[in-house]
Amino acid sequence: MNLRIETIKPNQIDLIKNLWEQLNDHHLQNSNFFKEHFKTYSFKDKCKDFPGKPSNEILINVIYNDKQIVGYCISTIKNRVGEIDSLFIDDEYRKYGYGKIIVEKSIHWFEMNNCEKIHLSVAEGNESVFGFYKQFGFYPRFTTLILRKPL
């Protein structure tokens with residue numbers, strides 16, 4: 001196994017499409033209330049604004065095993081607020097600590113860009129990841145409730 005982390009450009013975002021779709025499917029399977037959202041949410045919808053972002057507003061780190069991408073982390077900055085926008089590591093590669101490494105890289109990037117706040121969102125049904133994020137100092141502060149069927 002030859003794992004390495006590289007940064008890709010926003011216009012290369014399609015390289016992670018398969019992994020993002022696996023993450024979306026994971027959310028679909030685990031959601032108790034918003035399955036319809038994940039059924040209709042597409043990679044194109046998620047990424048529509050990413051390719052045009054300047055490099056100081058988006059960081060996309062990918063984990064390669066030889067030539068195959070096995071994980072990624074998309075981080076964005078808007079108005080000095082950093083967000084870990086999307087993170088996924090293929091099940092087979094989670095045990096090697098690369099998720100921790102790419103989250104730390106994102107936090108470092110946020111700090112280097114003088115972000116005043118750093119946050120992330122966890123999809124309903126995926127609360128099992130709270131423990132992973134707590135190791136970096138992320139804790140639930142608010143819970144946002146969304147009307148399942150808007151008026």
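Assorted remarks:
- Among the residues of the stretch 26-59, just one is over 19 Å from residue 71 (Cβ atoms) and aliphatic (A, V, I, L, M), namely 28.
So that you can scan it fast, the table gives a plain yes or no per residue for (1) in a strand (DSSP E or B); (2) of a type in the set (Lys, Arg); (3) closer than 18 Å to residue 18 by Cβ:
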residue	(1), (2), (3)
52	no, no, no
56	no, no, no
61	yes, no, yes
64	yes, no, yes
69	yes, no, yes
72	yes, no, yes
76	yes, no, no
83	yes, no, no
86	yes, no, yes
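- Condition check for residue 101: under 24 Å from residue 25 (Cβ atoms) and either β-branched (Val, Ile, Thr) or assigned to a loop (DSSP other than H, G, I, E, B) (or both): no
- Note on the stretch 114-151: among residues that are surrounded by 11 or more Cβ atoms within 10 Å (Cβ to Cβ) and aliphatic (A, V, I, L, M), the one that is nearest to residue 80 (Cα to Cα) is 118.
- Of everything in the stretch 4-18 that is assigned to a helix (DSSP H, G or I) and touching a Ser or Thr at 6+ places or on another chain (Cβ under 9 Å), the residue that is surrounded by the fewest Cβ atoms within 10 Å (Cβ to Cβ) is 10.
- Taking first residues from the stretch 40-56 that are in contact (Cβ under 8 Å) with a residue 24 or more places away in the chain and partners that are assigned to a loop (DSSP other than H, G, I, E, B), the Cβ contacts under 7 Å between residues at least 6 apart in sequence or on separate chains come to 56/113.
- Residue match in the stretch 104-116 (condition: part of a helix (DSSP H, G or I), within 21 Å of residue 38 (Cβ to Cβ) and aromatic (Phe, Trp, Tyr)): no
- Those residues of the stretch 12-25 which are touching a residue at least 40 places away in the same chain (Cβ under 8 Å) and either farther than 18 Å from residue 68 by Cα or aliphatic (A, V, I, L, M) (or both), in sequence order: 13, 15, 16, 19, 23
- The lone exception for residue 77 - which of (1) of a type in the set (A, V, I, L, M); (2) at pLDDT below 95; (3) closer than 30 Å to residue 145 by Cβ it fails: (2)
- Selection of the stretch 72-113 for residues being within 20 Å of residue 4 (Cα to Cα), among the hydrophobic types (A, V, I, L, M, F, W, C) and either surrounded by fewer than 17 Cβ atoms within 10 Å (Cβ to Cβ) or free of Cβ contacts under 8 Å to residues at least 12 places away in the same chain (or both) yields only 101.
The values are calculated or read from the model by the stated rules, or taken from the named source; none is laboratory data. These numbers come from a predicted model, not from an experiment. Virtual Cβ from ideal backbone geometry, glycine too; neighbours counted across all protein chains shown.
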